[in-house]
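Working notes, structure below.
The values are calculated or read from the model by the stated rules, or taken from the named source; none is laboratory data. Computed from a predicted model, the values in this text were never measured in an experiment. Note: ideal-geometry Cβ built from the backbone for every residue, glycine included; neighbour counts use all protein chains shown. Just the protein is used for accessible areas: all its heavy atoms, side chains included, with ligands, DNA and RNA removed. Shrake-Rupley method; radii C 1.70, N 1.55, O 1.52, S 1.80 Å.
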Amino acid sequence: MNFVVVGCGRVGADLAYRLFKNRHQVVVVDSDPKAFNRLHPDFRGRTTEGDALSADTLERAGIEKADGIAVVTNSDTMNAVVGHTVRTHYPNVKQIVVRNYDPAMREMLEAFGLQLVSSTAWGAERLQELLIDASFRAVFSAGNGEVEVYEMMLPSTWDGKELSDIMAGCSDCVIVALTRAGRAEMPSPSSKLQGGDILTVSATLDGMKTLRSYVGD
């Protein structure tokens with residue numbers, strides 16, 4: 001696939017190299033030619049110097065043939081405008097993802113209806129989870145961490161009880177899998193539980209905290 005990465009800071013350089021290693025065609029755009037020094041020495045994609053707000057720069061980067069674009073500069077305004085421009089003028093680009101650099105600017109980016117990744121907000125959410133309780137772990141984040149998928153091991157006090165008993169204390173959670181002895185299944189409310197079972201749960205952090213308190217140690 002063909003991708004354009006706008007912004008060759010730490011995030012853009014690492015993203016470009018990851019895409020390249022996965023055998024995609026990558027073009028990196030930045031207005032500062034020195035920024036390309038951040039690219040991995042093994043990177044063999046193309047670089048395009050220029051202002052990403054310019055149609056000429058985007059076209060030199062091959063936007064008309066791109067499958068997706070990531071706009072990851074440290075300017076939220078720039079990211080929003082470039083993302084909106086591409087969505088408006090280049091309908092062939094199916095995936096448009098922009099970086100949210102400053103959490104205070106997140107609402108502005110959301111107003112554009114763009115798919116965004118807020119590394120600051122996501123990182124803060126994960127740090128909070130680990131500080132509060134490291135006994136369960138998030139294995140997948142949706143959005144920017146508002147809803148996550150967690151794994152939680154059941155204590156022996158739950159031997160012989162049914163999944164419906166867990167669900168009674170999980171009004172803000174969805175149990176998506178039960179793993180026992182390395183084998184996962186889609187459980188039903190009548191599934192019998194054992195200590196050591198691992199539940200895979202989709203929940204907010206507050207919902208997971210409530211469930212952890214309900215299940216006990």
Notebook entry, point to check: If you scan the stretch 191-217, which residues turn out to be within 27 Å of the chain's Cα centre (by Cα), over 18 Å from residue 131 (Cα atoms) and in a loop (DSSP other than H, G, I, E, B)?
Noted result: none
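Okay, residues lined up against (1) assigned to a helix (DSSP H, G or I); (2) closer than 24 Å to residue 145 by Cα; (3) in contact with a Cys (Cβ under 8 Å, 6 or more places away or on another chain); (4) not aliphatic (A, V, I, L, M):
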position	(1), (2), (3), (4)
52	no, no, no, no
81	yes, no, no, no
87	yes, no, no, yes
101	no, yes, no, yes
Check: Applying the selection to the stretch 191-217, what residues are among the small types (Gly, Ala, Ser) and open to solvent by 50 Å² or more (accessible area, probe 1.4 Å)?
Finding: 213
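Are any residues in the stretch 61-79 under 20 Å from residue 20 (Cβ atoms) and assigned to a loop (DSSP other than H, G, I, E, B), and if so, which ones?
61, 62, 66, 67, 72, 73
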Check: What is the residue count in the stretch 136-158 for residues that are among the aliphatic types (A, V, I, L, M), open to solvent by 50 Å² or more (accessible area, probe 1.4 Å) and either on the phi > 0 side of the Ramachandran plot or within 19 Å of the chain's Cα centre (by Cα) (or both)?
Finding: 2
Next item on the list: Mind listing whichever residues of the stretch 159-190 are open to solvent by less than 70 Å² (accessible area, probe 1.4 Å), within 27 Å of residue 128 (Cβ to Cβ) and assigned to a loop (DSSP other than H, G, I, E, B)?
Entry: 169, 170
Item checked: Only one of 39, 53, 19, 58 that is open to solvent by 60 Å² or more (accessible area, probe 1.4 Å), closer than 21 Å to residue 101 by Cβ and among the aliphatic types (A, V, I, L, M) -> 53
Check: Looking at (1) touching a residue at least 60 places away in the same chain (Cβ under 8 Å); (2) in contact with a Gly (Cβ under 7 Å, 6 or more places away or on another chain); (3) within 29 Å of residue 209 (Cβ to Cβ), can you tell me which one residue 72 breaks?
Finding: (3)
